[in-house]
């Protein structure tokens with residue numbers, strides 16, 4: 001009998017302690033607010049990332065290469081991405097001897113330009129040379145130093161947005177809070193990076209956790 005009573009008392013005490021711990025944990029979590037601050041704006045005076053390529057007869061390749069070499073002097077970031085030589089062998093040529101004129105060549109370069117004027121100049125020069133080419137805009141480009149300055153400013157505005165959300169969620173205006181952690185999060189959500197690149201926009205997002213006082 002005494003043993004059963006003792007076991008019952010231990011059980012009741014354990015339940016009480018567990019309930020107390022759960023209450024304290026719940027109260028502790030209730031004292032925190034976590035929000036995501038965000039800020040989005042158009043990319044400032046962004047340039048372009050370009051892909052320039054030549055696909056044509058091997059006989060015209062020297063003319064394209066001479067022009068490409070001159071562009072590399074103007075745009076040091078210009079980099080050859082690939083080059084291939086292939087045989088343009090049509091069905092009606094089956095059985096004929098292969099000669100040099102049947103070969104085609106493909107060359108591709110990536111480069112960045114700082115403004116629209118540079119892009120337009122490259123286009124005009126390419127059209128003057130009367131050679132087959134492709135010039136594609138693959139995204140926007142901002143000088144690294146300028147991008148860093150813009151990102152710092154945008155992060156500060158994202159933090160301000162987070163603070164505004166905390167003010168709304170904390171309830172009464174008299175309540176105070178202190179920020180205990182901040183974490184920059186993926187800036188390509190909810191859209192993919194290409195959305196911001198091609199639409200020439202920038203976004204900053206930061207997760208902020210605050211403790212109510």
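Computed quantities for the displayed model
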read-out	value
Peptide ranges 117-126, 169-178 listed from the most packed, as the mean C-beta count within 10 angstrom indicates	117-126, 169-178
Ordering of 73-82, 47-56 by burial proxy (mean other Cβ atoms within 10 Å per residue, highest first)	47-56, 73-82
Order of 202, 102 under a 10 Å beta carbon neighbour criterion, fewest first	102, 202
Residue exposure sequence - 186, 115 - by fewest surrounding Cβ within 10 Å	186, 115
Estimated FRET transfer efficiency when R0 is 25 angstrom, pair residue 84-residue 124 (beta carbons, to 0.05)	0.35
Net length gained if the chain between residue 156 and residue 71 were fully extended (0.36 nm per residue, minus Cα distance)	26.7 nm
Distance in nm between pseudo-label sites at residue 98 and residue 114 (7 Å out along the Cβ direction from Cα)	4.7 nm
Over region 75-187, relative contact order from alpha-carbon pairs under 8 Å, at least 6 apart, %	21 percent
Linear extension gain, residue 169 paired with residue 181, 0.36 nm per residue minus alpha-carbon span	2.6 nm
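Read the figures in this text as sums done on the coordinates, not as results from a lab. Everything numeric here is computed off the predicted structure, so don't read it as measured data. Cβ atoms come from the backbone with ideal geometry, glycine included; neighbour counts cover every protein chain shown.
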